[in-house]
């Protein structure tokens, strides 16, 4: 296995395991559902939110059919992105794809186990309130930004 492939695999595992470990700790160790939200800072609250949709709560699914569609979509996208990552040579693209895959697998496992994604980070300031999200969501967003950066960077070959 090449160093680039090892790097991609390690990144996927780190994101997936960190996301799942924190969710399990908050759900079962802290008992977030039973004990309710708590503040980590004046602008940061840990609160339990079950997201039955996709990014930013779009396309909420209230049926088993919708849930399973999103589970299958998460894992199918992960497989497609994995194939791309496995052939890729550019390190930033590999990192970006690995972040997206790790996040998609973390959120996909949530949907499989709980029927919804476990979201818990709530950023707010005064009347401003941001969406509630998790580590997997952050990894996906950073990965997409990395792919966008790489695609617009002068002198980079396009491979997808």
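The set of residues in the range 127-144 being more than 8 Å from the chain's Cα centre (by Cα), more than 8 Å from residue 96 (Cβ to Cβ) and touching a residue at least 24 places away in the same chain (Cβ under 8 Å) consists of 131, 132. Going by what's in this entry, would residue 140 be described as part of a strand (DSSP E or B) and within 26 Å of residue 13 (Cβ to Cβ)? Judged against the criteria, residue 140 is not a match.
Counting only residues that are assigned to a helix (DSSP H, G or I) and more than 22 Å from the chain's Cα centre (by Cα), which one in the range 1-43 is modelled with the lowest pLDDT? So the residue we want is 3. May I ask you to verify whether residue 114 is at pLDDT below 95, loosely packed, with under 15 Cβ neighbours inside 10 Å and in contact with a helix residue (DSSP H, G or I) (Cβ under 6 Å, 6 or more places away or on another chain)? The answer is no for residue 114.
Out of curiosity, is residue 111 in a loop (DSSP other than H, G, I, E, B), closer than 23 Å to residue 11 by Cβ and in contact (Cβ under 8 Å) with a residue 40 or more places away in the chain? It is false that residue 111 is in a loop (DSSP other than H, G, I, E, B), closer than 23 Å to residue 11 by Cβ and in contact (Cβ under 8 Å) with a residue 40 or more places away in the chain.
Taking residues in the range 93-105 that are in contact (Cβ under 8 Å) with a residue 12 or more places away in the chain and on the phi > 0 side of the Ramachandran plot, and partners anywhere that are outside any helix (DSSP H, G or I) and buried (at least 24 other Cβ atoms within 10 Å of the Cβ), not one pair has Cβ atoms closer than 9 Å while being at least 6 places apart or on different chains. Output yes when any residue across the range 58-76 is in contact with a strand residue (DSSP E or B) (Cβ under 6 Å, 6 or more places away or on another chain), exposed (fewer than 13 other Cβ atoms within 10 Å of the Cβ) and at pLDDT 90 or above, and no when none is. Within the range 58-76, none of the residues are in contact with a strand residue (DSSP E or B) (Cβ under 6 Å, 6 or more places away or on another chain), exposed (fewer than 13 other Cβ atoms within 10 Å of the Cβ) and at pLDDT 90 or above.
The residues in the range 117-140 that are exposed (fewer than 15 other Cβ atoms within 10 Å of the Cβ) and within 15 Å of residue 53 (Cα to Cα) can be counted, and the count is 1.
Filtered by the rule that a residue be surrounded by 14 or more Cβ atoms within 10 Å (Cβ to Cβ) and either under 18 Å from residue 75 (Cβ atoms) or free of Cβ contacts under 8 Å to residues at least 60 places away in the same chain (or both), the range 24-38 gives a lone residue, 30.
The values are calculated or read from the model by the stated rules, or taken from the named source; none is laboratory data. Since this is a predicted model, take the numbers as computed values, not measurements. All Cβ positions, glycine included, derive from the backbone under ideal geometry; neighbour counts span all protein chains shown.
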